[in-house]
Every structure is written in structure tokens, then in C-alpha cells.
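Q: There's a structure below that I have some questions on.
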């Protein structure tokens, strides 16, 4: 019915001409105001639907000072963790009356800063940011412009910025203890690098568990595998599988039998290396990851993992951000969500079965 309009945007003026009502009446009817009768409202809304009318949200934002849009800035999209948490944040935002606009910085500090500027320029109501260790400038800009914002998963500036995260230290402690309880004797904590926002608390939790269990310095180690960063790249010619195998083989040779891996995504890649190796096997190690992504989707690699209450993180993040959008001037908060172990059998070393 509107096929000959080409690319012209339908306006309130167009609907007013079509229906014979004033622009004020059209505007109020589309916003559900009670002073416009039900018959007129129905006629106006039907005309708007037929004509393909979409409200100009920029104009609405300027008029009412609210866009009802929240920007989410992720560091990566390849990691299913971010897909799962984005879906949960979308649900929580919708329930609170907001739309979610998603950006991905790919871990690039300059791109992240550009995306923060764009969010501010678009007059969104608030920003959710998964920070990297290089996010200082982005956080500073958000604070300087008064843009309501909440950090997710890691707080780079405790006491200065709102943050919602899981208990990384306790989660790592529980993970290491889980491996020990299932019969592992020498433990390794594996991560891409030691510059990750949650690396320090997870390392501290790992070390605390080893100390409490009486493991000597020789029976525990923390190993960085930068080769894991190549796993999600389809363009690299680098044989990351061989490189990871070369790093892990000495662990087997030195008698390490338990692997606590920084996150499930990295754990999946390491398990795939073990499965394809002629020198290593998944039977060589008890393995546990972090995030319990398998709790939200079925992965081909079943892992024991630390559940981080992602649904609660999403709800708390939107709730805290909404209080800031509504003008709360309380001191910055750090909300720490609970963690727990989900055992799916990957913690056991072949030949060392343990009781359930």
C-alpha cells in the first residue's frame, strides 16, 4: 500500500494527512495517551502500521531526554561466553524497558574508545562495558561525560566505578580444590596471558587452594599459552595446535595431572589439542574450566566448570545501571555474584577414579 513511497520516511505529518487528525492527536495516540479516544487511537495506529511508520528515536530522545537504549561493548564475539551473557543481558534489558545496542571492540583499545564516543553521541541512556586491561581511557571518558555505566566481569578501579562480577578468587579456589578432591596431585593453571582482567584473582584463588592442600611450589605452576589467542583466527598460518602441544607435553612428563584453565573457551581448544595429539591424551589430565558455558548451550566438549551465575550477573547489571540512569548518586558499588562447581566428569585422571 506504501510501495510508491520509495525510501521516504513516514512522518507524523503523513499519518495526520492520511487520517484527518492533527499531528498532536496522532502523536498522543501512538504513545497511548488516554485523552485520545479508543476509536481514534485504533484508526491512527492502523494507518501507521499500513504506512510503515517507525518512530524517530533520535527525536524522541531529544524531546524526552531518554532513548531507552543501553549500549553493550564486548571485547570479543568468538568466545561463546559473550554470546550467552549478551542473550541474558538482552532479556534483562527488555524486561526493564530498554533496547540493547551491541558493539564489539575486538580487544582494540582505540576502537573501544571510539565506540564509547559513538554511544555518548547517540545519547544512549547508559553503557555496559566488558573492560580489558587497556580500558582506562574509555572508563575515564564515560565518567567525565557523566554517562551512566557499569563494568562487567572485572573492576579495574574498585571504589571508583560500578561493577558486577562473579567471585573469581573463590571460583578458582573451588576449581583447584575440585581437581585435588578427584585425585589430582600436581596442578597447573593455564591462561592466554597474565594481563587478563580476571587473571590475578583467579591465580590467587588457585594458589590459596594449593597452599591449603599442602602442595609444594614444585607441585603447582601457572603457565601462559599465548598460542590460544590464535585459535579463533581463520587467517593465521601459525600451527597453534602444535605450539600448544609443545607447551603441555612437559607438564605430562613432569607428572602434572590436573589442569585448571582460565575459561571454558580456552579449555575446549586445549581438550581438542589433547584429542588430536599422538603424544598426549585427555586421559592424562583432570580438567576444569571457568564460566559453565555448557549450562547454556550444548558443546561437543563436556567440561567440569565453575558456574558464575551469568543470569544473576545480567539482572544485577541492568538493575544497577538503571539506578544510575534514574539519578542515583550513591557511592560506586561492586556486586559480586556467587560461584559453584558443576562436575561433568572431566576432572578425573584415567586410572585414578574417585568416589562421587
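Q: Could you sort 259-272, 322-335 so that the peptide with the highest average Cβ count within 10 Å comes first and the rest follow in order?
A: Details: 259-272: 23.9, 322-335: 13.4.
So the order, starting with the most tightly packed, is 259-272, 322-335.
Q: Within a 10 angstrom radius of the beta carbon, how do 163, 210, 343 rank from fewest other beta carbons to most? Each step should come with its number before you reach the end.
A: Numbers: 163 25, 210 22, 343 15.
Fewest to most other Cβ atoms nearby, the residues stand as 343, 210, 163.
Q: Pairing the Cα long axis of helix 199-213 with the longest principal axis of the chain, what angle in degrees results, from 0 to 90 and rounded to the nearest 10?
A: That works out to roughly 40 degrees.
Q: Contour minus end-to-end for residue 8 and residue 330, with contour as 0.36 nm per residue of separation and end-to-end as the Cα-Cα distance? Write down the numbers at each step before the final one.
A: On the way: separation 322, 0.36 × 322 = 115.92 nm, distance 4.60 nm.
The residue 8-residue 330 span can extend by a further 111.3 nm.
Q: Also, quick follow-up: Which label marks the calculated value of P(r) over Cα pairs in 20 Å bins from 0, in percent, given the options (i) 24, 46, 27, 3, 0; (ii) 21, 41, 27, 10, 1; (iii) 26, 44, 22, 8, 0?
A: (iii)
Q: What angle do you read, to the nearest 10 degrees and between 0 and 90, between the alpha-carbon axis of helix 80-95 and the longest principal axis of the chain?
A: Helix 80-95 and the main axis of the chain meet at about 30 degrees.
Q: 7 Å from Cα along Cα→Cβ at both residue 208 and residue 17: what's the point-to-point distance in nm?
A: So the two model labels end up 6.9 nm from each other.
Q: Follow-up question, since we're still on this one. Name the most mobile residue of 105, 133, 166, meaning the one with the largest mean-square fluctuation, in a Gaussian network model of the chain with Cα contacts below 10 Å.
A: With Cα springs under 10 Å in the chain, the top fluctuation among 105, 133, 166 is at 133.
Q: Taking the simple approach of a point 7 Å from Cα along Cα-to-Cβ for both residue 110 and residue 275, what is their distance in nm?
A: Output for this residue pair reads 3.9 nm.
Q: Can you classify the stretch 223-352 as rounded, prolate or oblate using the Cα gyration tensor, where a ≥ b ≥ c are the square roots of its eigenvalues, rounded means a/c under 1.5, and otherwise it's prolate if a/b beats b/c and oblate if not?
A: Values: a/c = 2.76, a/b = 1.96, b/c = 1.40.
Cα axes put the stretch 223-352 in the prolate bin.
Q: For labels at residue 299 and residue 123 in the simple 7 Å Cα→Cβ model, what's the distance in nm?
A: 4.3
Q: If packing is taken as the mean number of other Cβ atoms within 10 Å per residue, what is the order of 200-208, 283-291, highest first? Could the numbers behind the result be given before it?
A: Values: 200-208: 19.6, 283-291: 24.9.
Going from most to least packed, we get 283-291, 200-208.
Q: Would you mind ranking 9, 143, 241 by Cβ crowding within 10 Å, fewest neighbours first?
A: Values: 9 10, 143 14, 241 17.
Starting with the residue having the fewest Cβ neighbours, the order is 9, 143, 241.
Q: Sticking with this one: Against the longest alpha carbon principal axis of the chain, how many degrees, from 0 to 90 and to the nearest 10, is the axis of helix 264-276 turned?
A: 50
Q: Sum -39500 (n - 2.57) across every DSSP H segment of at least 4 residues in the chain, then divide by the residue count to get the 222 nm mean residue ellipticity, nearest 500.
A: Numbers: 12 runs with 148 residues, N = 356.
After summing the helix terms and dividing by residue count, I get -13000 deg cm²/dmol.
Q: Okay, next question. Counting alpha carbon pairs within less than 8 Å and at least 6 residues apart, what relative contact order, in whole percent, applies to the chain? Can you show the working numbers first?
A: Details: 596 pairs, mean separation 60.6, N = 356.
Relative contact order for the chain comes out at 17 percent.
Q: Still on this structure: Can you tell me how the stretch 112-269 classifies by the Cα gyration tensor, rounded, prolate or oblate, using a/c under 1.5 as the rounded cut? Display every interim value, and only then the final one.
A: Working: a/c = 3.36, a/b = 1.70, b/c = 1.98.
Since a/c reaches 1.5 but b/c is at least a/b, the shape of the stretch 112-269 is classed as oblate.
Q: Moving to a separate point now. Within a 10 angstrom radius of the beta carbon, how do 138, 198, 299 rank from fewest other beta carbons to most? Walk me through the intermediate numbers first.
A: Working: 138 27, 198 20, 299 14.
Sorted ascending by nearby Cβ count, the order is 299, 198, 138.
Since every read-out is calculated from the coordinates, none of them should be taken as a lab result. All figures in this text were calculated on a predicted structure; none of them were measured in a lab. Using ideal geometry, Cβ is built from the backbone for each residue, glycine included, and neighbour counts are taken over all protein chains shown.
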